[in-house]
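Scroll down for the structure; my scribbles are underneath it.
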Amino acid sequence: MKGIKQLYVLIFFILLASGCQREITKPEIKPKFINIYQSSVSVFHQDDNEIPSLFVKHEIKGNQIYIECLVTGISFRNRERSKQKIGKMQVWVDGKKSREITSAAFIIKGLSPGKHKLKLEIVKLNNEPYGLSKEIMVNIPR
């Protein structure tokens, strides 16, 4: 009889201890960006008379987002600074500026599962907008 009471007391304390734990929230994960350098293919073409444009293609594989951009009329290449239209791309994730990119293709890793809003904006080197931006919604599976 004494052993059964001790067993009930032990079970009571185990249940009490397990019920008093705080819920641990997951830390906010910062996305990682990986540039994909394409030395053999010229994605950017600049012509002084060409109207700048931006086309974005993306693909989701697991928790990675592969993004490929086609930008006309603006170059990201540093060696072409003598030309007028030089720029960079600002990437915003869920309304927060995440990174500046200077390549036409890149991968975003480490986004938490769920829906995310990505904004890609082409700006001048002094961060003045060119007026080219694209917004896409992505859903990272669980």
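How high is the FRET efficiency between Arg142 and Thr102 when r is their beta carbon distance and R₀ equals 25 Å, given to the nearest 0.05? Walk me through the numbers before you get to the answer.
Values: r = 33 Å, r/R0 = 1.31.
It comes out at approximately 0.15.
Which order results if Lys32, Lys61 are arranged by neighbouring Cβ count within 10 Å, fewest first?
Lys61, Lys32
Just to verify a number: FRET efficiency for Ser112 and Glu135, C-beta to C-beta distance, R0 = 22 Å, to 0.05?
Approximately 0.70, to the nearest 0.05.
Give me the dipole magnitude in Debye, nearest 20, for region 59-142 about the Cα centre, with unit charges on the beta carbon: positive for Lys and Arg, negative for Asp and Glu.
On the way: 17 positive and 8 negative charges, 33 e Å.
Dipole magnitude for region 59-142 comes out near 160 debye.
Once you've got the Cα coordinates, tell me which of Lys57/Lys97; Lys61/Lys119; Lys57/Lys109; Lys85/Lys134; Lys32/Lys85; Lys57/Lys124 are over 24 Å apart.
In this structure, Lys32/Lys85 lie more than 24 Å apart at Cα.
No value in this document is a laboratory result; all are computed from the given coordinates. Since the model is a prediction, treat every value here as computed from it, not as a measurement. All Cβ positions, glycine included, derive from the backbone under ideal geometry; neighbour counts span all protein chains shown.
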